[in-house]
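The values are calculated or read from the model by the stated rules, or taken from the named source; none is laboratory data. These figures come from a predicted structure and were not determined experimentally. FYI the Cβ positions are ideal-geometry reconstructions off the backbone, even for glycines, and counts take in every protein chain you see. Note: accessible area is taken over every heavy atom of the protein model, side chains too, but ligands, DNA and RNA are not part of it. Shrake-Rupley method; radii C 1.70, N 1.55, O 1.52, S 1.80 Å.
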Amino acid sequence: PARKDRSNTQRKRPKYTMGSEREMRRKQMNAKAFQMSKAVAGNVFHNDIFEGVDSLRRQLMNQPRARASVTLCARRNSAKGACKTASVNYDDSDLNPQPTFEQLLRRPKAFVALVPQPVALFVAGALAGTLAKTISCPLDRVKILLQVKGGTTGGAIAQAAQSGNLVKTFLAVGKQEGLGGYFKGNIPQVIRAIPYDAVRLCAYEQFKNLLKDEDGNLSVPARLAAGAFAGMTSTFVTYPLDTIRFRLAIDPTVKSMPQVVSTMIRQEGLFSLYKGLIPSLAGIAPYIAINYTTFDLMKKNMPDELQSTTTGSFIAAFLATTVATTFCYPLDTLRRQMQMKTVKYNNIFHAYSEMSKQNGPLAVYRGFVPNMLKNLPTNSIRLASFDAGKKLIIEAEEEYGELQIECAAQRQSTTC
């Protein structure tokens, strides 16, 4: 029969997963050990069908820096039962050969694999967060002004914010403060986004690896726990920067981050930088847990042709953010109220009681629309960018591993 023309058939792209660095290392070593075992057997019998390869592979994996002796028995092109003993001298360098610079140039993506996986994930999270925060800064400023009714900002901005009108507030900022007004507080926001998103996204991947079962599967409760732990970890580390950004956005008397810090510490004490931390942790834990878990599950159940695309990431992020924000937005509003120095609340319940008395029970949803308008593109950009970064890291590790396998099969020294 005629051979099928494969040039016109689209190959199905494999699903990719982010495992721990130890798992990736073991998979690569296992593949290299098999290639070495196959090469040894090929030298003995000059064919590719033989017994004893798996035994030699296990010795290569479990006894580094040793001398392996294994009996290989041919099953084809040789007398039945013909066996020979093969000895192999090897050490760690045989299972971890270093491709040359010229080989890496042929596969430039493999250069990324030279960076330790946790560091690569941290950088991917930082870049994703920076891009997302900068694009969404104008709507974030409007959202904060609506939440606190203008705060201590006067003029047209305060009047528009007190009316609760999104469009009026947005236009008032531009009219009163110019284009720069939309990006007021963006520098500390970006500075905060670098460690915050980097820690949160990287920690989520690490917690997922820790919470996998013996078969490497991750249950929904485990995903929720990983998201909650990641959100609380990143929030605790970067909370003071969030407080500083918030004060810059609503207080016209302060002009810089050092001025905010010195004023807060002098007037309110050092712990004022962590004011509202408890409700913030209570709000971020369920938000990140729901958001990231929903995103992962939606991506996992998408059609294969959509799953590995940027469009698929945006769709999954859009729906996941909608669900998470609807459930968790009230806690964010209460946290903002408790961060204000002009209003004193004893606790989160006291804050909700006072807000309800003044503006009704739905007061905690003030600014919900601009928050959704900001969060939907922000989270879509952040999660899609980080997803692309993870995919790049995985593909780089695979390409680097393939180069090492080629080296292991051909080399006689520590480099190819």
Report summary line: In the stretch 123-143, anything under 20 Å from VAL199 (Cβ atoms) and surrounded by fewer than 20 Cβ atoms within 10 Å (Cβ to Cβ) is listed as VAL123, LEU127, THR130, LEU131, THR134
Report task. Residue by residue through the stretch 150-181, note down the ones that are open to solvent by less than 30 Å² (accessible area, probe 1.4 Å) and of a type in the set (Ser, Thr, Tyr). Result -> THR153, THR169
Requested in this report: Check PRO279, PRO240 and return the single one that is in contact with a Phe, Trp or Tyr (Cβ under 8 Å, 6 or more places away or on another chain), of a type outside the set (Gly, Ala, Ser), open to solvent by 10 Å² or more (accessible area, probe 1.4 Å) and closer than 17 Å to MET338 by Cβ.
Outcome: PRO240
Report summary line: Note on the stretch 288-332: residues under 19 Å from LYS208 (Cβ atoms), of a type in the set (D, E, K, R) and in contact (Cβ under 8 Å) with a residue 24 or more places away in the chain are ASP296, LYS299
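Can you pull out the residues in the stretch 248-263 that are in contact (Cβ under 8 Å) with a residue 24 or more places away in the chain, open to solvent by less than 20 Å² (accessible area, probe 1.4 Å) and either of a type outside the set (Asp, Glu) or within 30 Å of PHE207 (Cα to Cα) (or both)?
LEU248, ALA249, ILE250
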Query raised in the report: Which one of the conditions (1) open to solvent by 30 Å² or more (accessible area, probe 1.4 Å); (2) free of Cβ contacts under 8 Å to residues at least 24 places away in the same chain does GLU268 fail to meet, given that it meets all the rest?
Result: (2)
Report summary line: Of (1) open to solvent by less than 40 Å² (accessible area, probe 1.4 Å); (2) charged (D, E, K, R); (3) at pLDDT 80 or above, ARG192 fails just (3)
